[in-house]
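Notes follow once the structure below has been shown.
Read the figures in this text as sums done on the coordinates, not as results from a lab. Keep in mind it's a predicted model, so treat the numbers as computed, not measured. Quick reminder, even Gly has a Cβ in these numbers, built from the backbone with ideal geometry, and neighbours come from all protein chains shown.
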Amino acid sequence: MRRREFLGVVGSAATAWPVATRAQQPMPVIGFLHPSSSGAIADRVRAFRGGLKEVGFVDGENVVIEYRWAEDQVDRMPALAAELVRRNVAVISAVGGNVPVFAAKAATTTIPIVFAVGEDPVRLGLVASLGRPGGNLTGINFLTSELAAKQLELLRELVPAAVRVAVLVNPANTVNAETTMRDVEPAARDMGVKIQIVRASNNREIDAAFEGLARERPDALLVGGDPFFTSRRIQVVLQATRHAIAAIFANREIAEAGGLMSYGSSFSDTFRQVGVYTGRILKGAKPMDMPVVQSTKFELIINMQAAKILGLTVPPALLARADEVIE
């Protein structure tokens, strides 16, 4: 072989070798665990990916996301969490309420877990303290269940004559349901409002719950913040509209789907923060040293079309406080 040809071969090999080495390096894998379905929270998944991108991670380029969806069958969560552990993921993002977090926590004590929960994670036993979690879990507290009193206040402002208010909770999500009831009942007493608890954990029970409400005719309805109700938002909105029940919800997706009003944490911002924390862990941060973030961004959304259908006049003061008015 001539010297020039030999150097060309060597040069080509030297150029190709680092590329081949990089191609062989496996990308870290994130386990994404949620009790609902991908279609139900598409906007939130985009926000999660946006948070990852903020710290330098893009799905398919330098990280892989393994999604596990329970399709509203919460009893599947432990098996799905175990799958991610067997997959040996680098971190688990357990979002969508308490059930996925507890499933992930039971499945591993070593893999980092980033959660998003609506209750106090210290009271739930997930972390030792908000400032120093102390274990393999950290995340975001979006306060959904703890906002029920404020939601009742807003509902009463929109429907001042309401003295009987139904509260819809999901009994399958025990902690969430109990927190909602614990928060709303003393607030109702202070306002002179009588509370009726209604329960539903599947499609059939949602229909049955609204049939009961149609007979009993409460003055208004508060739908608890639960991923199941978000995933069934079309069904819930249609039933509330059909039976002419003024209702407030915990997140904007339901108001966007035709619900009357929503008040709660910005879930897009919550999922973005989960993405940021997940990315930081991939870069070497330890959950035990990462303070739990508490939501500071809350949204009041009013759907004027729904108000017109129900024959309600939204007070100007309430409209002025709304973060978004859907015409």
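Each Lys or Arg adds one and each Asp or Glu subtracts one; over the other residues with Cβ under 9 Å from the Cβ of Gly275, this totals +2.
At 20 °C and 1.002 mPa s, grab the translational diffusion coefficient of region 127-240 from Stokes-Einstein with a Kirkwood Rh over Cα pairs, rounded to a whole number in µm² per second. Kindly include the intermediate steps, with their values, before the conclusion.
Working: Rh = 15.1 Å.
The diffusion coefficient I find is 141 µm²/s.
The Arg182 and Val122 beta-carbon pair, evaluated with R₀ = 22 Å, returns a calculated FRET efficiency of approximately 0.90.
A convex hull fitted around the alpha carbon atoms of region 53-120 yields 110 Å³ per residue.
With a sphere of radius 13 Å drawn around the Cβ of Asp323, what net charge do the other residues whose Cβ falls strictly inside it have (Lys, Arg +1; Asp, Glu -1)? After counting each charged neighbour, the total is -1. Here is how the number arises for the chain: DSSP H runs of 4 or more residues each give -39500 (n - 2.57), the sum is divided by the residue count, and the result at 222 nm is -13500 deg cm²/dmol. The angle separating the long axis of helix 174-191 from the principal Cα axis of greatest extent in the chain is about 40 degrees.
Quick one: of the DSSP bridges fully inside the chain, what percent are antiparallel, nearest 5?
On the way: 5 of 43 bridges.
Antiparallel bridges: around 10 percent, rounded to the nearest 5.
Between Gln196 and Thr110, the C-beta separation translates, for a Förster distance of 41 Å, into a calculated FRET efficiency of about 0.35. Counting 0.36 nm for each residue step from Leu130 to Ala285 and taking away their Cα separation leaves a gain of 54.2 nm.
Distance between the 7 Å Cα→Cβ label points at Arg164 and Gln294: 3.7 nm. Quote the relative contact order of the chain in percent (integer), defining contacts as alpha-carbon pairs under 8 Å separated by 6+ residues. It rounds to 20 percent for the chain. Is the shape of region 286-327 rounded, prolate or oblate, going by the alpha carbon gyration tensor and its root eigenvalues a ≥ b ≥ c, with a/c under 1.5 for rounded and a/b larger than b/c for prolate? Here region 286-327 falls in the prolate category.
Per the Cα gyration tensor, the chain maps to an equivalent ellipsoid with semi-axes of 45, 21, 17 Å, ordered largest to smallest.
Database remark: amide H of Leu300 closer than 5 angstrom to the amide H of Asp323, Glu324 (H placed geometrically; neighbours at sequence offset of 5 or more, or on other chains; Pro and chain starts carry no H). Using a cutoff of 8 angstrom between alpha carbon atoms and counting only pairs six or more residues apart, the relative contact order for region 64-146 works out to 24 percent.
Once you list every other residue whose beta carbon is under 14 Å from the beta carbon of Lys286, what net charge do they have if Lys and Arg are +1 and Asp and Glu are -1? Summing Lys/Arg as +1 and Asp/Glu as -1 gives +2.
Pairs of C-alpha atoms in region 222-300 farther apart than 22 Å represent 38 percent of all such pairs. Computed over region 180-258, the P(r) tail beyond 13 angstrom holds 67 percent of alpha carbon pairs. In this label model, His243 and Ala90 are separated by 4.9 nm, measuring between points 7 Å along each Cα→Cβ vector.
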